[in-house]
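Comments concern the structure below.
The values are calculated or read from the model by the stated rules, or taken from the named source; none is laboratory data. If you're wondering where the values come from, they're calculated on a predicted model, not measured in any experiment. Reconstructed Cβ throughout: ideal geometry from the backbone, glycine too, with neighbour counts over all protein chains shown. Heavy atoms of the whole protein, side chains included, go into the accessibility calculation; ligands, DNA and RNA do not. Shrake-Rupley method; radii C 1.70, N 1.55, O 1.52, S 1.80 Å.
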Amino acid sequence: MQRHYTQNEVRYLGTVRPPWPAFSYAAQTQFIQAHGQRLLAFMQWAQTATRNFMSDVEQNSSFVCERFGYAQSDVKAWAEYVRYSEDGRVDRAKIAKAVKVLERAGVVQGVDVDGVVLTPEA
């Protein structure tokens, strides 16, 4: 995002850190039922890739810089505050908070938080 700001392609309005962990995924029940094993395999791959990246941000940030055009300082700053679920689980309270934010924004309506699957089981 920084490069778009630097190039005057977007305006900076402020920073809002989402109330859910980075690298969180959502899927409809029908998708989980039809593709649960593939979804689980993807989640495991993503968790491994995230763990590997975060284990040595200094060295691994060059990929993000080259691939996406971000400054090294931006990648390092992001890595300082970003959090992710190491086991793929998401706290119900964070889901509820995210749903409230999305409802206020008009993105979703009437989401049953109790019906949300919180664990990555296929």
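Just checking, how many residues over the range 64-91 are within 13 Å of the chain's Cα centre (by Cα) and closer than 30 Å to residue 115 by Cβ? Looking only at that region, the number is 8. When residue 11 is tested against (1) over 19 Å from the mean Cα position of the chain (by Cα); (2) assigned to a helix (DSSP H, G or I), only condition (2) is not met.
Residue 64: open to solvent by less than 50 Å² (accessible area, probe 1.4 Å) and either more than 25 Å from residue 5 (Cα to Cα) or in a helix (DSSP H, G or I) (or both), yes or no? Against the criterion (open to solvent by less than 50 Å² (accessible area, probe 1.4 Å) and either more than 25 Å from residue 5 (Cα to Cα) or in a helix (DSSP H, G or I) (or both)), residue 64 qualifies. Looking across 23, 31, one residue alone is among the aromatic types (Phe, Trp, Tyr) and in contact (Cβ under 8 Å) with a residue 24 or more places away in the chain. It is 23. Hey, can you tell me all the residues within the range 50-68 that are among the aliphatic types (A, V, I, L, M) and closer than 17 Å to residue 83 by Cβ? Selection gives 54, 57.
Looking at this structure, is residue 37 within 30 Å of residue 6 (Cα to Cα), in a helix (DSSP H, G or I) and open to solvent by 60 Å² or more (accessible area, probe 1.4 Å)? So residue 37 fails the test.
Let's see how each residue does on (1) in contact with a His (Cβ under 9 Å, 6 or more places away or on another chain); (2) surrounded by 12 or more Cβ atoms within 10 Å (Cβ to Cβ); (3) closer than 30 Å to residue 108 by Cα:
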residue	(1), (2), (3)
7	no, no, no
31	no, yes, yes
46	no, yes, yes
53	no, yes, no
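The lone criterion from (1) in contact (Cβ under 8 Å) with a residue 12 or more places away in the chain; (2) touching a Ser or Thr at 6+ places or on another chain (Cβ under 9 Å); (3) open to solvent by 40 Å² or more (accessible area, probe 1.4 Å) left unmet by residue 75 is number (3).
Across the range 79-112, the number of residues qualifying as part of a helix (DSSP H, G or I), open to solvent by 80 Å² or more (accessible area, probe 1.4 Å) and free of Cβ contacts under 8 Å to residues at least 60 places away in the same chain comes to 4.
The set of residues from the range 9-29 being among the aliphatic types (A, V, I, L, M) and either open to solvent by 60 Å² or more (accessible area, probe 1.4 Å) or modelled with pLDDT under 70 (or both) comprises 13, 16, 26. Any residue at all in the range 92-105 that's more than 18 Å from the chain's Cα centre (by Cα) and not acidic (Asp, Glu)? The answer is yes; a qualifying residue exists.
Under the condition of being of a type in the set (Asp, Glu) and part of a helix (DSSP H, G or I), the residues counted in the range 43-61 number 1.
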